[in-house]
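Accompanying notes for the structure given below.
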Amino acid sequence: MKLIYLITFLFSFNAYAGVEVQTFDNQQQEQTYKKLVDELRCLVCQNQNLADSNAELAQDLRKKIVEMIEAGKSEQQIVDYMVARYGDFVLYRPPLNKNTFLLWAGPFLILLMGLIVLAVFVTRQKNRDKPSLSEEQQQRARKLLDEDEGDD
């Protein structure tokens with residue numbers, strides 16, 4: 001029985017994690033908030049959006065988003081503010097421009113390079129399997145094969 005209490009105690013620390021509750025004047029503001037915290041990246045965690053991150057910076061950014069929504073800023077104005085302050089990295093889907101071109105094209109370039117390496121490898125394997133015989137050796141081999149067929 002003590003083991004059950006110990007296990008329950010050890011796994012209950014998540015229950016003490018703080019939960020932020022945001023209240024808005026209308027449904028539109030709440031939807032805007034949810035959309036923004038889902039689409040903006042936590043700069044500390046990098047693999048989490050603002051909604052999922054518990055980092056202090058993410059908490060501050062969520063508060064700033066709430067302030068801006070309550071001040072009547074549009075969704076685009078808030079995104080523009082975040083990009084101006086933190087760069088395109090704050091966006092999960094950065095725009096395609098000269099600074100982010102490699103980010104967008106990189107996976108395709110890596111795939112293309114992989115296909116080229118694969119094609120070269122397969123071609124070399126095929127060429128390695130083919131014996132390179134001189135004309136004299138080929139004639140001798142044909143002669144031996146013909147003699148072998150005549151013995152049957």
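The values are calculated or read from the model by the stated rules, or taken from the named source; none is laboratory data. All of these numbers come straight from a predicted model, not from anything done at the bench. Counting neighbours? That spans all protein chains shown, and the Cβs are built from the backbone with ideal geometry, glycine included.
Residue count for the range 70-99, restricted to those that are in contact with a strand residue (DSSP E or B) (Cβ under 9 Å, 6 or more places away or on another chain) and either among the acidic types (Asp, Glu) or outside any helix (DSSP H, G or I) (or both): 2.
Within the range 33-76, the set of residues being out of contact with any helix residue (DSSP H, G or I) (no Cβ under 7 Å at 6 or more places or on another chain) and of a type in the set (S, T, N, Q) comprises Gln46, Asn47, Gln48, Ser53, Asn54, Gln59, Ser74, Gln76. All of (1) under 27 Å from Thr32 (Cβ atoms); (2) within 32 Å of the chain's Cα centre (by Cα) hold for Gly72 with one exception: (2).
Considering only the range 22-38, I want to know if a residue exists there that is assigned to a helix (DSSP H, G or I), within 28 Å of the chain's Cα centre (by Cα), β-branched (Val, Ile, Thr) and at pLDDT 85 or above. For the range 22-38, residues assigned to a helix (DSSP H, G or I), within 28 Å of the chain's Cα centre (by Cα), β-branched (Val, Ile, Thr) and at pLDDT 85 or above: present.
For beta carbons closer than 7 Å, sequence separation of 6+ or different chains, a first residue in the range 97-108 that is closer than 17 Å to Val83 by Cα and a second that is of a type in the set (Asp, Glu) and part of a helix (DSSP H, G or I), the qualifying pairs are Asn99/Asp88; Thr100/Asp88.
Of the residues in the range 39-62, at least one is free of Cβ contacts under 8 Å to residues at least 60 places away in the same chain, basic (Lys, Arg), part of a helix (DSSP H, G or I) and under 15 Å from Gln22 (Cα atoms).
Listed conditions (1) surrounded by 13 or more Cβ atoms within 10 Å (Cβ to Cβ); (2) touching a residue at least 24 places away in the same chain (Cβ under 8 Å) are all met by Tyr92, apart from (1). Among the residues here, Ile116 does not qualify as in the same structural domain as Gln31 (by TED's automatic domain parsing), β-branched (Val, Ile, Thr) and part of a helix (DSSP H, G or I).
Just name the residue that is modelled with the lowest pLDDT out of those in the range 52-110 that are touching a Leu at 6+ places or on another chain (Cβ under 8 Å) and among the aromatic types (Phe, Trp, Tyr). For the range 52-110, the residue satisfying everything is Tyr92.
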